Structure formats: C-alpha cells, structure tokens
Amino acid sequence: MTHSAPRAAVPRTFAISPPELGAKVLLRWTEEVVAGGVEAIQLRAKHLSGAELSALAAAMRRRIPSPLLLSISGRLDVALAAGADGVHLPEDSLPCSTVRELAPGLLIGKSTHSLSAVAAARTAGADYVFFSPVFPPTSKPSSLAPTGLRGLADACGKGLVVVALGGMTADRLSAVQAAGAHGVAGIGSFRGDRLAQTVREAHRVFGRSAANR
C-alpha cells in the first residue's frame, strides 16, 4: 500500500502546539499562528483529558479558516468529532491502514525516527511522515540523536513525503529543502518572535501546498 493523498496536498508548514499549555493559552496560540500564515496546525496535548481535548479541538477548528488544516495527534476519535482535516499517529500508534478504513477522508501523518520506520509508514499507507530530530530541537530536550542532513536525505529517498522536524530555524531551511524534505514542522520555530521569520522563509524555500496557491 502506498500513500493516497497527492503530494501537493500535504502542507509545507506544520505548527505543533506547545506542550503543557492550558486550553485558553492554546486558543490564543492558534490565533497567532493562523495570522502568521502557517498551512497546518497540529494539536498535541497529552496532558488534557479526552473531554478537554475534544472541546479544545472543536474550538480550534472554529478559529482555523480554510484552506488551513487542523490535525490531531494520536486521537482519531477526537479528530473525527472535531471535524479535523487530519490525524497524526505516533510511531507506536494505530496502524495507518486501520485509520484509513475508519476515516478515508483524513490526511494521515506518522512520526518516524529511523529509516525503517519511514519505509514501514510508506508500506502502511501514510500520506506523509515527520522525520525527527534532524537537528537538536529548539523547544525541548530529546533523547534521540540528531540525524543531520544526511539522515534526512536518506529518509527522503524512501519514496514518501517527508516533513522535517527538530531545530527547524529559518537559516537551515534551504539546506533542509536541498536534502529532499517536502516541508517543515516545529514547536519553538513557529512560536513568538520566530514565527513570522520561519513561515516567511519556509514559503520562500518550499513554496506552498496546492490548497494555498
């Protein structure tokens, strides 16, 4: 099985919600990144209960205008209930094939940290993968060793849309694109003073997805 969404439909910029923030702060963050011009927002809030996460996802959905996309990390039920555009699966989560059967209209992403995981995600039918960490993350420490541009290039050679994650500062984006990445994702890189610069440089380097042209 191969990915089903057209490559051009996968966003070029994914802003991932900062961890451990309350719902009100995350709604303000949502408004900031929407104004900043990102193409997709990923809600990742493991610290919230299912009810809290569902309510927050629905409120975020109302604040995210088309064609910007909302993806929910790890919770297919919440994604469907909130009317999200996609679901992003941790490396040890539900199989992509199961998600595709239950929600054929959703964009399915998968977190990967190795070449074998990228290859497996392609076989399973993911639309794209996050490959990380390419560089040391700017938002939080990671127990994983950075792959560098060589590791990213190897991942991009596996025949699946690869979105680079980990240390995606504006000055690195041209090299990340040259390594074969389709786009970039991040937490710290899409927050505060870095937001506008990262988005502007990312869209200069990668262009925009078909939905945002």
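Table for the structure above
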item: Linear extension gain, THR138 paired with ARG28, 0.36 nm per residue minus alpha-carbon span; result: 37.5 nm
item: Distance (nanometres) between label positions extended 7 Å along Cα→Cβ at ARG62 and SER174; result: 4.4
item: Distant-in-sequence amide H partners of LEU69 (H built 1.01 Å from N, under 5 Å); result: ALA40, ILE41
item: Simple spin-label estimate for ALA9 and ASP193 in nanometres, 7 Å along Cα-Cβ; result: 4.0
item: Equivalent ellipsoid semi-axes - Cα gyration tensor, segment 1-64, angstrom; result: 23, 15, 10
item: Relative contact order (percent, whole number), segment 17-94, Cα cutoff 8 Å, 6+ residue spacing; result: 28
item: Segment 1-61-segment 83-102 distance, computed between alpha-carbon centres (Å); result: 15
item: Evaluated at q = 0.10 Å⁻¹: base-10 log I(q)/I(0), Debye formula over Cα of the chain; result: -0.37
item: Excluding exposed DSSP-loop GluC sites (Glu not before Pro) (at most 15 other C-beta within 10 Å), longest clean stretch of the chain; result: 92-213
item: Relative compactness, segment 141-213, computed as alpha-carbon Rg over 2.2 N^0.38 Å; result: 1.09
item: Lysine-lysine proximity count for the chain, Cα under 27 Å, sequence distance 8 or more or distinct chains; result: 6
item: Gain in span if fully extended, THR98 to SER49, counting 0.36 nm per residue against the direct Cα distance; result: 15.3 nm
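Throughout, read-outs are computed from the coordinates displayed, never taken from laboratory work. Because the structure is a prediction, the values reported are computed rather than measured. Here Cβ is always computed from backbone atoms with ideal geometry, including for glycine, and neighbour counts include all displayed protein chains.
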